[in-house]
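Reviewing the structure listed below.
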Amino acid sequence: MTNPDEFYDDYGRFSHLEEKYMLEEKEKYIEQKSNESIEYYFDTKGKEIDKKINFCIDRANKLNKNKFYGNSITTSFTAIELIIRDLYLKPLVIGALISDNLSGIIFNHIFDKRNKGYEERELLKDIVKQWGFNLAEINIQSGNQLWESIINTKECRNDFVHGAKKVEKDDAEIALECADELLNLIQEITKKLNIDFEIIVDY
C-alpha cells in the first residue's frame, strides 16, 4: 500500500516541475513574440531609416572633407540621434512592451521622479544591457570610449550651435566614428536576435 506521505511528496515534486516547465514555455513565447515585433519594425521601417541616416552621414563626411567641422559634427550628431531613436529605442522598446524585464526598466525610468530629465541616450544604455552589451566597454575606431565620445560630441555640437565655438577636425571625425560604431552594434544585436537586418552606409 502506498504511503500517503510519499504520494504527496511525489505530487509536490510533479507540481513544481510542471510549474517550472510552464514558466519556461511562457518565457520562450514572450521572447519569440518580442523578436517578431522587432523584426516587423525593421522590415517595414528599415529602408526609410537607412535613407535618412545615409543622407546625414554622407553630408557630414563631405562637410568634414571640406573643413566645415562645426557643420559636420552637427550633422553627425543628427545621425547619432536618428540611430539611437529609430534603430535602437523604437524597435527595442516595441519588443520591450512584451518583455517583462525591459518593460520594467522603461516604466521605472519614465515614472520615477528621481529620473527627471532622463534622456533617451541614458535609457539606451540600460536597454542594450539586456542583450549582453555594455556601452561603457565599447570603443570606437580611434580607441576612444564610445559612450564618452557620444557625450563629448553632444557637448561640442551644443557649443558650436549655441556659442559659435570652434570645432576641431578630430572632434568632427570622432562624431562620425560614433555613428559608425552604433551602426555596428545594432547589427550585432539583430544577429543575436536572429533578425535579418542590414544597414549599409555609403562613405
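Before we move on, is S142 polar (S, T, N, Q) and either more than 17 Å from the chain's Cα centre (by Cα) or in a loop (DSSP other than H, G, I, E, B) (or both)? So S142 fits the description; yes.
Tell me which residues, restricted to region 136-186, are under 22 Å from I53 (Cβ atoms), in contact with a strand residue (DSSP E or B) (Cβ under 9 Å, 6 or more places away or on another chain) and not acidic (D, E). Residues satisfying the conditions are I138, N139, L146, S149. Whether any residue in region 64-87 is within 15 Å of L193 (Cα to Cα), modelled with pLDDT of 65 or more and out of contact with any Asp or Glu (no Cβ under 9 Å at 6 or more places or on another chain) is what I want to check. Yes. Given the options E31, E6, E19, E24, name the one that is surrounded by 12 or more Cβ atoms within 10 Å (Cβ to Cβ) and at pLDDT below 80. When all the criteria are applied, what remains is E31. Just one of the listed residues (I174, I110) is of a type in the set (V, I, T) and modelled with pLDDT of 95 or more, namely I174.
Look at (1) over 18 Å from the mean Cα position of the chain (by Cα); (2) assigned to a helix (DSSP H, G or I); (3) crowded, with 18+ Cβ neighbours inside 10 Å; (4) not small (G, A, S) and you find that E177 fails only one, number (1).
Of all residue pairs spaced 6 or more apart or on separate chains, those with beta-carbon atoms under 8 Å, a first member in region 34-56 that is modelled with pLDDT under 80 and a second member that is assigned to a helix (DSSP H, G or I) and among the small types (G, A, S) are S34/G95; S34/A96; N35/G95; S37/G95; I38/G95. Applying a threshold of 7 Å to beta carbon distances and a minimum spacing of six or more residues, or different chains, the list of pairs starting in region 174-195 at a residue that is within 12 Å of W131 (Cβ to Cβ) and ending at one that is of a type in the set (V, I, T) and part of a helix (DSSP H, G or I) reads I189/V128; L193/I38; I195/I38.
The values are calculated or read from the model by the stated rules, or taken from the named source; none is laboratory data. All values derive from a computational prediction rather than experimental measurement. Note that each Cβ is placed from the backbone with ideal geometry, even for glycine, and that neighbours are counted across all protein chains shown.
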